[in-house]
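A short worksheet on the structure shown next.
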Amino acid sequence: MSSLRLLPANLINQIAAGEVIERPASVIKEITENALDAGATSLSITLRDAGKSFISVTDNAKGIAKNDLPLCLARHATSKIPDDDLFNISSLGFRGEALASIASIARLSLHSRTPNSEHGWCINVHGGEMTVATPSVLVKGHGTVVEVADLFYATPARLKFMKSNPSEMTANMEVIHRLALAYPHVAFKVSHHDKMILEVSAESPEERVMSILGKTFAENALPLHAQVGDMIITGFAGIPTYNHSQSNQQFFFVNDRPVKDKLLHMATKLAYQDYMPHGRHGACCLFIQLPRELVDMNVHPAKIEVRFQRSQDVRDAVIAAIKGHLGSSAPLTSTHLGEAAVASFTRPENFPLPPRQSYAPQSYAAPSRGSYAQSSAAYQRYTAPHYAQEDHPVAIIENQSTEGLLGTPKAQLFNAYIISQAEDEFYIVDQHAAAERMTYESLKKQMEHQGVSKQPLLIPEIITFPEDVRALLLEAAGELSLFGLEISSFGVSDIMVQAIPAILKETPIKGLLMDIAEDLRAEGHSSTLKDHLLAKLSTIACHGSIRFGRPLSLPEMNALLRDIEATPFSDQCNHGRPSYIKLSKASLEKLFERT
Ligand code: ADP
Ligand code: MG
């Protein structure tokens, strides 16, 4: 007798559950998505043991008719692809396997009531066996309650993979936060062991970002709106000095679906890389809308990955949206730097004061965002020879009007820091960091407008590469020549280098080409040459700019402040260090107990 057989339905469901239901967070995700797909405007999630022993989601959506209840639990049964078109999906779900999968590994009860029925109905599934529908009073009004108990009791091997309650709760809240961000007009309540841990009412997208990602994020991010072709990108992008060691402060949504996508993370990295120290990550919350037929949602069982049909366009649009936006905003510096600075001030010990609360300020408002004229003379102005070597150890000017965001210079400390006063705040500016950023921006602009100047090699360099590397490099020859690197095929196995970017004349060319080939292989595109060029410009800017330890006159300080205001990203130097910090008058008052 053959051992070949069709698997029993419950085993098939358990196999599917292996992919779809990894941990409590996956159950929460699937049943919350179902409630959102059904049109819920308010939903409530209740958890016990981080969802391991109990999860319920109650919604106020359209409900499920009594006769449809068993079908909801059948594999491959869905109400969400009416015209069989997988490229026209407007719902979060469409695979029709979540409830069947969950029911095969946990105890599931489905209670539901449609608007015109007198009471609700309930079915239960335990160990793959479904009960007949019985009346239920659990649903008030109309809507659905899905209860999932004893997750993985039917597949004990999976139980062993579950983490501690706090780690599972972190994963649960991440899923809930992402869905809450995508559906701001829906009210969410979450309780764990009868303790309310999240409660948000229906609100605007901006308010929701604030409720979920918090005040610090909102204060250190700028709203963004960009349209590139048929793609619309909205949301928030964090300012560069608000950076993190991980990319977990980056949230992406594609057509209202929370996604985790390598391409989007990569695009964000490229957009920020110029303004951030290596290895740090920007924060953002981006909502991308594009025609449905251009995204394939059906590439991952849990539907958190997507595939873009025109991936290069998406990547370019995200980079352009973030960069363009940050570049056009007035200088901003992260509020947490100012707070940290004030918190570090101490009073002399022999100066007792009655005990009070912490001296750290409660809040800082983001600076107002005016528009400032672009400065083009920054490079000339901040290169070393232009500042006279007069000695102005500390100078004070009175009654001078506040000219811009950074206010009026009042003093220079240690020949390195400018203190300036604006309306209700004051700034400490690192003169070298600020000048360096301006020199760099101006060199970069020069490179963009006038092109990269090439240095032809009198004796072309002939380099042998492995065949695959050679092919990759030759394919990119056109793009490389735009940056001043001219290569062509030589003989059957070599590459001839005819010209190199003039500012990279000391860089070993073979190593550079190998790095470029590595990028081409990994990403299908290389930013190595551009990175090298920018790094070089950054070094030139660093050495060429006014230094630490240089005394400045008040008019010079004033000129520097005005130029900072006019330069994109001048709130930090090229190495991602802040170039100025903002402190409030209120924080001084607090420090001296005047409030
Ligand atoms: P999918 O979401 O991919 O369709 P599911 O197994 O998650 O598959 O759900 C199966 C079907 O059950 C859905 O298509 C929907 O018709 C119905 N359903 C599930 N949850 C709800 C709910 N909360 N309200 C109304 N209908 C629901
Ligand atoms: Mg579903």
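The values are calculated or read from the model by the stated rules, or taken from the named source; none is laboratory data. Because the structure is predicted, anything quoted here is derived from the model rather than measured. Glycine gets a Cβ as well: all are built from the backbone with ideal geometry, and neighbour counts include every protein chain shown. Just so you know, the surface numbers come from the protein's heavy atoms only, side chains and all, with ligands and any DNA or RNA stripped out. Shrake-Rupley method; radii C 1.70, N 1.55, O 1.52, S 1.80 Å.
Here Leu69 clears all of (1) open to solvent by 40 Å² or more (accessible area, probe 1.4 Å); (2) within 16 Å of ligand 2 (Cβ to nearest atom) except the condition numbered (1).
The residue list Ser79, Ser117 contains one member that is among the small types (Gly, Ala, Ser), at pLDDT 85 or above, open to solvent by 50 Å² or more (accessible area, probe 1.4 Å) and farther than 24 Å from Ser53 by Cβ, which is Ser79. No other residue among Ser112, Ser91, Ser117, Ser79 is within 30 Å of the chain's Cα centre (by Cα) and among the hydroxyl-bearing types (Ser, Thr, Tyr) apart from Ser91. Residue check: is Phe54 of a type in the set (Phe, Trp, Tyr) and more than 12 Å from ligand 1 (Cβ to nearest atom)? Spelling it out, Phe54 is indeed of a type in the set (Phe, Trp, Tyr) and more than 12 Å from ligand 1 (Cβ to nearest atom).
For Leu457, the stated conditions do not hold, so it cannot be described as open to solvent by less than 40 Å² (accessible area, probe 1.4 Å) and either outside any helix (DSSP H, G or I) or over 23 Å from Thr507 (Cβ atoms) (or both). Scan region 427-448 for residues that are modelled with pLDDT under 80 and open to solvent by 40 Å² or more (accessible area, probe 1.4 Å) and the total you get is 3.
Checked against the criteria, Asn34 does not count as open to solvent by 60 Å² or more (accessible area, probe 1.4 Å) and either more than 12 Å from ligand 1 (Cβ to nearest atom) or within 28 Å of the chain's Cα centre (by Cα) (or both). The residue that is farthest from ligand 1 (Cβ to nearest atom), among those in region 93-114 that are modelled with pLDDT of 90 or more and open to solvent by 40 Å² or more (accessible area, probe 1.4 Å), is Arg107. Is there a residue in region 84-92 that is closer than 17 Å to Ala38 by Cβ and either more than 9 Å from ligand 1 (Cβ to nearest atom) or open to solvent by 60 Å² or more (accessible area, probe 1.4 Å) (or both)? Yes; the residues of region 84-92 include at least one that is closer than 17 Å to Ala38 by Cβ and either more than 9 Å from ligand 1 (Cβ to nearest atom) or open to solvent by 60 Å² or more (accessible area, probe 1.4 Å) (or both). Residues that are buried (at least 20 other Cβ atoms within 10 Å of the Cβ) and either part of a helix (DSSP H, G or I) or out of contact with any strand residue (DSSP E or B) (no Cβ under 8 Å at 6 or more places or on another chain) (or both) were ranked within region 547-557; the one that is modelled with the highest pLDDT is Met557.
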